[in-house]
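Have a look at the structure below before the remarks.
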Amino acid sequence: MADKRDYYEVLGVDKGVSEDELKKAYRKAAKKYHPDLNPGDAEAEKNFKEVNEAYEVLSDSEKRARYDQFGHAGVDPNFGAGGGGAYGGGFGGFDFGDFGDLGDIFGSFFGGGGSARRNPNAPRRGSDTSAHVIISFEEAAKGCKKTIKVTRIEKCNDCSGSGAANGSSPKTCSVCRGTGQVVVAQRTPFGTMQTQRPCDTCRGTGKIIDNPCSTCSGKGRIRHTLNEEIDIPAGIDDNQVINIRGGGDAGINGGPNGDLRVNITVRPHPIFERDGFDVYCEIPITFTQAALGAEITVPTIDGKVKFTIHEGTQPGDEFKLRSKGIQRLNYSGKGDQYVKINVEVPKNLSKEQKEALKNFESISNDKNYKKKKSFADKLKDFFD
């Protein structure tokens, strides 16, 4: 794991990036490498996992602070195994271990001791994980089921999470008596001072595993990738997040699982546009239909419907189809659909058609056109 890329580099952002900018960068990268958009591309799948892992850490303020101080060792207990364990080894990333007693003295003043640490064997909640899914406009409007690829840490089935091989079990550390901490007395110029630090024998776990499980290497948990079907509710919108309780990493020492947060991307529709739960579209009609009125067919997300436009319909006129919009998320009822009229001007007219329009123009009277002055009439009056 020592060759992991920097998480900020993975998402293409600077270290001081804001939460909003971080989220935008994650969505951009997740879309770029998403398996649905890169079928069969192993490199894209690898990058997609890397992007999700980076966002999972940097979007969590606590994990991000540890990562900024200690790097990968601060957030991944498996990183650099044998090189001092997780979360680094000193003040501000500097190791005072070579200075003998000074290391413990500084540790007592800067958070290394002097206060009781939590029980290493107490139940702890698992971390939240994230995933990303792309759905169509119709799927967002009506709801759907989707199978997504999820990577999370689960309890090792071979050892039931104990970390010990079959037929054996962890032993309580005899040095720290299962507390995971040892008290060290140090003689200083200020007198004798006592500090607490993680037990070196059990590495702060409070347990000793003489015969570790070969599947999980004694950790009791393994990283697993699986396909999981999720329900996407009707009315979900672009960039919203579905939180699946208990779908994240397994808890530690019997603690609850974390949650799975699924980021939703909705593909744009070629005809419809969405605003909240209302739907908008444009319908082209002919000049004759606009002038005489007509029954037209209007597409909706529920299928085609008939609508009668009145005589003298103008370009830009808009009408509403009640309850033909999108299902309100977690509520009853639907939004409306608004249809804007676009009158198409005919092209490539024949000689007869041109003559007919000229005749129509010549017999038009004030009743047809001059109830209200047109822009052309107002322009003529201005110059006159």
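The values are calculated or read from the model by the stated rules, or taken from the named source; none is laboratory data. Everything numeric in this text was worked out from a predicted model, so none of it was measured. As a convention, Cβ positions derive from the backbone with ideal geometry for all residues, glycine included, and neighbour counts pool all protein chains shown. Remember, those area values only see protein heavy atoms, side chains included, never the ligands or the DNA or RNA. Shrake-Rupley method; radii C 1.70, N 1.55, O 1.52, S 1.80 Å.
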Query raised in the report: Gly220's amide H: which non-local residues (gap 5+, or another chain) put their own amide H closer than 5 Å, with H modeled 1.01 Å from N in plane and none for Pro or chain starts?
Result: Gly163
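DSSP loop trypsin sites (Lys or Arg not before Pro) in the range 287-361 with at most 13 other Cβ atoms within 10 Å of their Cβ, which ones?
Arg322, Lys347
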Requested in this report: Keeping the other protein chains in place, figure out the carbon and sulfur percent of the accessible area of the range 188-318, with a 1.4 Å probe.
Outcome: 48
Report summary line: Listed by chain and number, the residues whose amide H is under 5 Å from that of Thr300, excluding neighbours fewer than 5 places away on the same chain and using placed H, are Val305
Report task. Run the dipole for the range 140-230 about the Cα centre, Lys and Arg Cβ at +1, Asp and Glu Cβ at -1, nothing else charged, and hand back the magnitude in debye, nearest 20. Result -> 320
Query raised in the report: What number comes out for the charge environment of Ala290, summing +1 per Lys or Arg and -1 per Asp or Glu over other residues with Cβ under 11 Å away?
Result: -3
Query raised in the report: Want the number for Lys28 to Ala185: 0.36 nm per residue separation, take away the alpha-carbon distance, what's left?
Result: 51.2 nm
Query raised in the report: Per residue, how many Å² of accessible area does the range 160-242 show with a 1.4 Å probe?
Result: 62
Report summary line: Stretched fully, the stretch from Asp302 through His269 gains (0.36 nm per residue minus C-alpha distance, one decimal, in nm) 10.5 nm
Query raised in the report: Exactly which chymotrypsin sites (Phe, Trp or Tyr not before Pro) in the range 297-337 are in a DSSP loop and have at most 14 other Cβ atoms within 10 Å?
Result: Tyr331
Query - Summed residue charge, Cβ within 11 Å of Ser136's Cβ, Lys/Arg positive, Asp/Glu negative - result: +1
Query - Spin-label pair Glu361/Glu229, simplified geometry with 7 Å Cα→Cβ offset, distance in nm - result: 6.5
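From the cross-link list Lys46/Lys219; Lys15/Lys207; Lys49/Lys324; Lys149/Lys340; Lys24/Lys320; Lys324/Lys347, which pairs have alpha carbons spaced over 32 Å apart?
Lys15/Lys207; Lys49/Lys324; Lys149/Lys340; Lys24/Lys320; Lys324/Lys347
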Query - Sequence of Val133, Val13 when ordered by accessible area, the most exposed leading, probe 1.4 angstrom - result: Val13, Val133
Query raised in the report: What spacing in nm lies between the two simple spin-label points modelled at Tyr280 and Gln194, each 7 Å away from Cα in the Cβ direction?
Result: 7.1
**Report entry** Inter-part distance where the range 151-171 and the range 277-307 are each reduced to a Cα centre, Å
**Finding:** 63
Query raised in the report: Among rounded, prolate and oblate, which fits the range 134-250 when a ≥ b ≥ c are the square roots of the eigenvalues of its C-alpha gyration tensor, a/c under 1.5 means rounded, and a/b larger than b/c means prolate?
Result: oblate
Query raised in the report: In nm, to one decimal, how far is the modelled label at Glu318 from the one at Asp68, with both set 7 Å along Cα→Cβ?
Result: 4.5
Query raised in the report: What shape does the range 1-42 have by the C-alpha gyration tensor, where a ≥ b ≥ c are the square roots of the eigenvalues, rounded means a/c under 1.5, and otherwise prolate means a/b greater than b/c and oblate the rest?
Result: oblate
Query raised in the report: Accessible area per residue, 1.4 Å probe, Å², for the range 258-339: what's the number?
Result: 57
Requested in this report: Return the FRET efficiency for the residue pair Asn166, Ser217: r is the Cβ-Cβ distance, R0 is 22 Å, and the value is rounded to the nearest 0.05.
Outcome: 0.90
Requested in this report: Starting at the first residue of the range 258-266, write each ³J(HN,Hα) from the Karplus equation 6.51 cos²θ - 1.76 cosθ + 1.60 with θ = phi - 60°, in whole Hz, x for Gly and Pro.
Outcome: x, 9, 9, 10, 9, 7, 9, 10, 9
Query raised in the report: Do any trypsin sites (Lys or Arg not before Pro) in the range 200-251 lie in a loop, going by DSSP, with at most 14 other beta-carbon atoms within 10 Å of their beta carbon, and if so which?
Result: Arg245
